[in-house]
1. Exactly one of (1) surrounded by fewer than 16 Cβ atoms within 10 Å (Cβ to Cβ); (2) touching a residue at least 12 places away in the same chain (Cβ under 8 Å); (3) under 19 Å from Glu44 (Cβ atoms) is unmet by Arg75. Its number?
2. When segment 186-196 is examined, which residues are found to be surrounded by 14 or more Cβ atoms within 10 Å (Cβ to Cβ) and in a loop (DSSP other than H, G, I, E, B)?
3. What single numbered condition from (1) charged (D, E, K, R); (2) under 18 Å from the mean Cα position of the chain (by Cα); (3) surrounded by fewer than 22 Cβ atoms within 10 Å (Cβ to Cβ) fails to hold for Glu44?
4. Within segment 324-339, can one find any residue that is farther than 21 Å from Asp60 by Cα, modelled with pLDDT of 95 or more and in a strand (DSSP E or B)?
5. Among the residues of segment 234-248 satisfying the criterion of being buried (at least 17 other Cβ atoms within 10 Å of the Cβ) and touching an Asp or Glu at 6+ places or on another chain (Cβ under 9 Å), which is nearest to Thr288 (Cα to Cα)?
6. State yes or no: is Ile124 crowded, with 20+ Cβ neighbours inside 10 Å and under 22 Å from Asp79 (Cβ atoms)?
7. Arg281 fails exactly one of the following numbered conditions: (1) among the charged types (D, E, K, R); (2) under 16 Å from the mean Cα position of the chain (by Cα); (3) modelled with pLDDT of 95 or more. What is the number of that condition?
8. Would you check if Ser29 is in contact with a helix residue (DSSP H, G or I) (Cβ under 8 Å, 6 or more places away or on another chain) and either modelled with pLDDT of 95 or more or more than 15 Å from Pro345 (Cβ to Cβ) (or both)?
Amino acid sequence: MNIRIIFFCVAIMMFASCEEEDFGEVQQSHETFLDGEGFFIVNEGNFSHSNSSVSFYSFDSSKVYNRLFYEANSRPLGDVSQSMIVRDTTAFIVVNNSSKIEQVSLDDFESKATYSGFTSPRHILPLGGDMAYVSDLYSDSLAIIDMKKQTVDDYLDIGRSSEAMVKTSGKVFAANWSQLNHPELPNNKIMVIDPAKHELVDSVEVTKEPNSMVVDSRGDVWVLCSGGYTNEATPALYCIDAADQSIKKHLRFKSKELNPSELSINESRDTLYYLNQGVYRMSTSGNTLPQKPFLAEGDKLFYALGIMNRHIAVSDAVDYQQKGIVYLYDKGKRRIDSVRAGIIPGFFIGK
């Protein structure tokens with residue numbers, strides 16, 4: 001069973017205990033939220049309800065600023081916000097089920113452009129200059145956007161849907177996570193792209209459902225695979241040499257019943273983190289998977305993970321109906337705060 005379905009079932013039972021915690025101060029006005037350090041929380045919202053949102057947590061004030069987009073634009077952000085990137089003084093928010101990207105100014109979070117021309121966009125990967133790729137759950141193509149002209153310029157056919165993307169060694173690596181639009185094709189490929197020519201040049205076979213990727217300090221690509229929606233294969237963590245696409249490490253998890261996700265990396269890019277009913281941590285020089293969690297899940301239901309500014313942020317979607325919880329830890333495992341964000345906090349990014 002998919003771990004997020006398990007989360008939903010168990011979360012209902014845990015609702016009462018979650019209500020009793022102190023979740024910090026919630027600030028509705030966001031006029032000064034950019035004065036100091038912090039991170040953004042992208043809240044997915046409920047599918048087909050158009051109640052997704054973006055929050056900001058301030059390290060300086062220990063306050064959370066919710067509904068930034070709605071308050072600045074007097075309209076909902078859209079249906080299922082998936083991810084976000086920050087580029088200078090601008091943010092780009094990918095709204096999956098609304099098939100759009102909202103470009104906003106970080107000064108006031110007002111919308112400056114709305115990009116359309118996607119089927120089901122997931123993530124944005126800047127390529128350098130003004131160009132970027134957008135991955136897509138239901139399309140065989142990556143969209144190529146011009147962030148200066150605020151347009152979708154072209155599409156790159158890669159033959160499969162796409163999810164996580166990274167850029168290293170002059171190449172783009174795009175994960176084929178979903179099998180929905182091509183049930184006849186195994187979803188076990190990392191597509192290798194030449195971004196200078198916008199050409200698909202190679203692919204790397206991994207375990208089913210590569211859900212997240214990071215690049216380490218050596219430029220190697222790490223890929224986390226869940227093993228499939230119905231646990232068809234044993235989950236695995238790969239290290240790929242970006243220069244020749246060879247597999248340097250293939251680390252298998254101990255059971256098909258596990259469902260690891262949310263692969264992340266620290267600021268110095270030498271330590272990996274991921275979720276697997278707890279937060280796990282391992283060095284990029286390691287050759288074995290950690291057996292015990294760095295942060296135990298306990299009675300929580302960890303949903304999303306982010307490593308920012310020497311802090312670890314983990315979300316709990318609770319019952320998937322009320323505002324989710326974001327727990328903040330330092331690298332010494334000490335919990336330093338817990339706050340209510342929006343519905344289903346699913347993505348973190350530093351300012």
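The values are calculated or read from the model by the stated rules, or taken from the named source; none is laboratory data. The structure displayed is predicted, hence computed values, not measured ones. So basically every Cβ, Gly included, is an ideal-geometry build from the backbone, and we count neighbours across all protein chains shown.
1. In the conditions (1) surrounded by fewer than 16 Cβ atoms within 10 Å (Cβ to Cβ); (2) touching a residue at least 12 places away in the same chain (Cβ under 8 Å); (3) under 19 Å from Glu44 (Cβ atoms), Arg75 misses (2) alone.
2. Residues satisfying the conditions are Pro186, Asn187, Asn188, Pro195.
3. (3)
4. Scanning segment 324-339 turns up at least one residue that is farther than 21 Å from Asp60 by Cα, modelled with pLDDT of 95 or more and in a strand (DSSP E or B).
5. Initial filter on segment 234-248 (buried (at least 17 other Cβ atoms within 10 Å of the Cβ)): 234-240, 242, 245.
Next, from what is left, pick out any that are touching an Asp or Glu at 6+ places or on another chain (Cβ under 9 Å): 235, 239-240, 242, 245.
Working: Pro235: 14, Cys239: 12, Ile240: 16, Ala242: 21, Gln245: 21 Å.
Among those that are buried (at least 17 other Cβ atoms within 10 Å of the Cβ) and touching an Asp or Glu at 6+ places or on another chain (Cβ under 9 Å), it is Cys239.
6. It is true that Ile124 is crowded, with 20+ Cβ neighbours inside 10 Å and under 22 Å from Asp79 (Cβ atoms).
7. It fails just one condition, (2).
8. So Ser29 passes the test.
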